[in-house]
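The values are calculated or read from the model by the stated rules, or taken from the named source; none is laboratory data. Remember, predicted model here, so these are calculated numbers, not experimental data. No Cβ is skipped: glycine too gets one built from the backbone with ideal geometry, and neighbour counts run over all protein chains shown. With ligands, DNA and RNA removed, areas are computed over all heavy atoms of the protein, side chains included. Shrake-Rupley method; radii C 1.70, N 1.55, O 1.52, S 1.80 Å.
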Amino acid sequence: MSMRFPDSLTTPRLLLRRLQRDDAPALCAYRSSPEVARYQSWETFGPDEAAELLDDQQDRDIGVPGTWFQVAIVETGTSQLIGDCGLHCLADEARQFEIGITLAPSRQGQRYATEALECLISYLFTDLSARRLFATTDALNDSAAALFRRLGFRQEAHHLELRAYKGGWTSELFFALLAREWGMRSQLDR
Ligand SMILES: CC(C)(COP(=O)(O)OP(=O)(O)OC[C@H]1O[C@@H](n2cnc3c(N)ncnc32)[C@H](O)[C@@H]1OP(=O)(O)O)[C@@H](O)C(=O)NCCC(=O)NCCS
């Protein structure tokens, strides 16, 4: 099921919305940081890469099979773009989404990623009728693995030396979360 992403979703400290063209400077500032890029697909991220991403995202709906929808993470207190979250609707299974997330280094370690994803996971399971969410992380990316475990994702696999990546071989962890597992967790939290 595809749909227009809401004008905004809100959490206690964050506003989640579509990416806008004037997000380019902030997007470049944190995505070009070597510590942010270390386990990501890009080597460098400058104005050209930002323009390409933002052009691609304009007018895109969420949940279109075979596409990524990129959500802006804005800190409410400062109105600053502090990160983004990619939601990939699988081409052959539209009720499954892959999740990726990036936070500016200055905003890491404050539970912002957990807060943003708790909101987006509920949105995907409730409004988009998603059945299964998954994420892959570099096996050395401890913060990302801790994030998905904290959210209740199960580790499904540890693939050794899966891909040639940035001059070496990378091992990857696969995490997944089913709608019914999230529902059970929400009931426990009540
Ligand atoms: C992956 C990434 C988003 C995780 O960010 P993060 O800041 O570690 O995650 P959160 O915002 O949820 O913050 C959690 C941290 O807040 C801190 N924290 C503060 N209060 C907390 C609380 N009440 N409960 C839990 N953690 C708390 C902890 O230090 C915790 O980190 P820990 O794992 O060391 O315990 C971030 O490391 C990143 O952007 N990395 C670069 C991009 C990347 O590699 N993305 C992964 C692609 S899938």
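For region 127-190, just run the numbers: alpha carbon Rg, then divide by 2.2 N^0.38 Å, N being how many residues it has. Before the final figure, lay out each step's value.
On the way: Rg = 14.0 Å, N = 64, 2.2 N^0.38 = 10.7 Å.
The reported ratio for this selection is 1.31.
At 1.4 Å probe size, with no ligands or nucleic acids counted, give the accessible surface of residue 185 in Å², nearest ten.
In the full protein context, residue 185 sits at about 60 Å².
Starting from the Kirkwood radius over alpha-carbon pairs of region 1-115, derive D by Stokes-Einstein at 37 °C in a medium of 0.692 mPa s and give it in µm² s⁻¹. Working shown, then result.
Numbers: Rh = 14.6 Å.
Translational diffusion coefficient: 225 µm²/s.
When the distances between all Cα atoms of region 70-136 are binned every 5 Å from zero, what whole-number percent does each bin get?
4, 16, 27, 23, 14, 10, 5, 1
To the nearest 20 Debye, how big is the dipole of region 28-163 about its Cα centre, given +1 on the beta carbon of each Lys and Arg and -1 on that of each Asp and Glu? Could the numbers behind the result be given before it?
Working: 12 positive and 21 negative charges, 131 e Å.
I would put it at about 620 debye.
Please identify the DSSP H helices in the chain that span no less than 20 Å along the helix axis (Cα) and have a mean Kyte-Doolittle hydropathy of 0.5 or more. Mind showing how you got there, number by number?
Values: long enough: 112-126 (21 Å, 0.87).
Span-like helices in the chain: 112-126.
Rounded to a whole number, what % of the accessible area of region 9-189 do carbon and sulfur atoms account for, probe 1.4 Å? Let's see the in-between values first.
Working: 4450 of 9030 Å².
Roughly 49 percent of what the probe reaches on region 9-189 is carbon or sulfur.
With springs only between Cα atoms under 10 Å apart, run a GNM on the chain and tell me which of 43, 98, 172 wobbles the most.
43
Taking only protein heavy atoms and a 1.4 Å probe, what accessible area per residue, in Å², does the chain have with all protein chains in place?
About 52 Å² of surface per residue is accessible.
Given the convex hull of the Cα atoms of region 9-189, what is a quarter of its surface area in nm²? Please list the in-between numbers first.
Values: hull surface 41.4 nm².
Reported value for the Cα convex hull: 10.4 nm².
If each of residue 76 and residue 165 carries a label point 7 Å out from its Cα toward its Cβ, how far apart are those two points in nm?
3.4
Given points 7 Å out from each Cα along the Cα-Cβ axis, report the residue 1 to residue 20 separation in nanometres with one decimal.
Calculated label separation equals 2.8 nm.
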